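Structure, as structure tokens:
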């Protein structure tokens, strides 16, 4: 009697996706809509809660962006989908465990750490990564116990991407504005008592190269009690940027420059807080105040030059200045972390892959049955929706390989065997139904306070209330 083929009605093609953020859900959705293969998808996450950075990274005052979870919820309703939360790769399970239970494994674990500046004083007290601050105010269980000295009056945010904008905006929001969001309760209280009066965002290149999107920077000019301002001489693009725009007109960049120039007219302060966006400056040192804490920043003025590829890059001039900010958040990019058993490119901070197929570190040949998608595949770029095309590319390779028979031969290819095994490793496993119970409680508590939701931020509490 011949063995059934994986993907047939007798033997589903068993797929594990590790990381329940946007890339994981988009990959699951594409795989589950296939008609010619019988596929079961199990989506894992280290947290009891799904949705990754949509829950833990998107700013609490940007609720509209979070509505993307409706599409993920729809995917979770598929009869062949399972969510296994509160179980971590490298802690409860290793790569070999997954290879024993699945025909294919896809890693969508994101980029967990921030990039360093590599300057003196970076590790002083009151110097933090924006990643930590964002996770803290969003109620991520791993970051809720962090403390930030919000008694300081001047803050520097290094970087001008959307994450930097989020940090600056949250620091500038009033309690009234934040109390209508799903910001973590402890962060709402800490920010209510904040002494922050001035926030400086520092970009190393010019306004034409700023990484923030137009809606993000436009919003900075519409804050309830904070004036946003760009120094006039830094709002105007330099000659090289102007020449590049003339040669390659770009309406989006042109609009961005118009918004920035509009903020340069806003020099009079009428509100209690002030947000200053600077361009063509780089910190060269965080100055010690004598007690091991940040006492200020040494900045150098930059100029742009055309690299061999034609890209405009910054280089330091001889002009320097001191900025008297005593709380610093660096927001200069994310970086992936290597996981034991998964080939990794440490220079790029991504899993070694080609179009999502994992490659061997030694031979650079395809590792059968292992895939990757999202930021850990391509690096931290784009917005939430960018992960869709990326995940579909990977899922396409997975389907192609499955049809060609280039898959793993797991020892235990049945879901019942798997669930029995998982409970031996993590008795407090979270199903999607258990998350829905938690979700309903958060929404109900939010409704009672006229807020979108009030989050549970401790895993013990999540475990306890979802059992009832």
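If you check residue 6 against the conditions, is it buried (at least 21 other Cβ atoms within 10 Å of the Cβ) and outside the structural domain of residue 369 (by TED's automatic domain parsing)? Yes; evaluated as a whole, the condition is true for this residue. When residues in the stretch 333-354 are screened for being surrounded by fewer than 18 Cβ atoms within 10 Å (Cβ to Cβ), within 25 Å of residue 164 (Cβ to Cβ) and in contact with a strand residue (DSSP E or B) (Cβ under 7 Å, 6 or more places away or on another chain), 1 of them pass.
The residues in the stretch 407-425 that are outside any helix (DSSP H, G or I) and loosely packed, with under 14 Cβ neighbours inside 10 Å can be counted, and the count is 2. Just checking, does the stretch 210-217 include any residue being without any contact (Cβ under 8 Å) to a residue 60 or more places away in the chain, out of contact with any strand residue (DSSP E or B) (no Cβ under 9 Å at 6 or more places or on another chain), over 26 Å from residue 322 (Cα atoms) and crowded, with 21+ Cβ neighbours inside 10 Å? Among the residues of the stretch 210-217, at least one is without any contact (Cβ under 8 Å) to a residue 60 or more places away in the chain, out of contact with any strand residue (DSSP E or B) (no Cβ under 9 Å at 6 or more places or on another chain), over 26 Å from residue 322 (Cα atoms) and crowded, with 21+ Cβ neighbours inside 10 Å, which makes the answer yes.
The residues of the stretch 418-438 that are under 28 Å from the mean Cα position of the chain (by Cα) and free of Cβ contacts under 8 Å to residues at least 40 places away in the same chain, listed by number, are 433, 436, 437. Look at the stretch 379-396 and say how many of its residues are in contact with a strand residue (DSSP E or B) (Cβ under 7 Å, 6 or more places away or on another chain) and surrounded by fewer than 23 Cβ atoms within 10 Å (Cβ to Cβ). Total satisfying the criteria: 2.
Once the stretch 80-128 is narrowed to residues that are under 30 Å from residue 287 (Cβ atoms) and outside any loop (DSSP other than H, G, I, E, B), the residue that is modelled with the lowest pLDDT is 113.
Residues in the stretch 355-366 that are in contact with a helix residue (DSSP H, G or I) (Cβ under 9 Å, 6 or more places away or on another chain) and in a loop (DSSP other than H, G, I, E, B) were compared, and the one that is surrounded by the fewest Cβ atoms within 10 Å (Cβ to Cβ) is 355.
Comparison of 245, 188 shows that the only residue that is surrounded by fewer than 18 Cβ atoms within 10 Å (Cβ to Cβ), assigned to a helix (DSSP H, G or I) and touching a helix residue (DSSP H, G or I) at 6+ places or on another chain (Cβ under 9 Å) is 245. Among the candidates 240, 257, the residue that is in contact (Cβ under 8 Å) with a residue 24 or more places away in the chain, in a helix (DSSP H, G or I) and surrounded by fewer than 19 Cβ atoms within 10 Å (Cβ to Cβ) is uniquely 240. Going by the conditions given, is residue 67 farther than 30 Å from residue 169 by Cα and at pLDDT below 95? Taking the combined requirement at face value, the residue does not satisfy it. Every condition in (1) farther than 23 Å from residue 266 by Cα; (2) surrounded by 15 or more Cβ atoms within 10 Å (Cβ to Cβ) is met by residue 176 except one, and the failing one is (2). In the stretch 443-466, the residue that is surrounded by the most Cβ atoms within 10 Å (Cβ to Cβ) out of those that are in contact (Cβ under 8 Å) with a residue 24 or more places away in the chain and not in a loop (DSSP other than H, G, I, E, B) is 462. State all residues of the stretch 1-36 that are modelled with pLDDT under 95 and touching a strand residue (DSSP E or B) at 6+ places or on another chain (Cβ under 7 Å); if no residue qualifies, say none. The answer is 6, 7, 12.
The values are calculated or read from the model by the stated rules, or taken from the named source; none is laboratory data. As the structure is a prediction and not an experimental result, all values here were calculated from the model. Note that we place each Cβ from the backbone using ideal geometry, even for glycine, and neighbour counts take in every protein chain shown.
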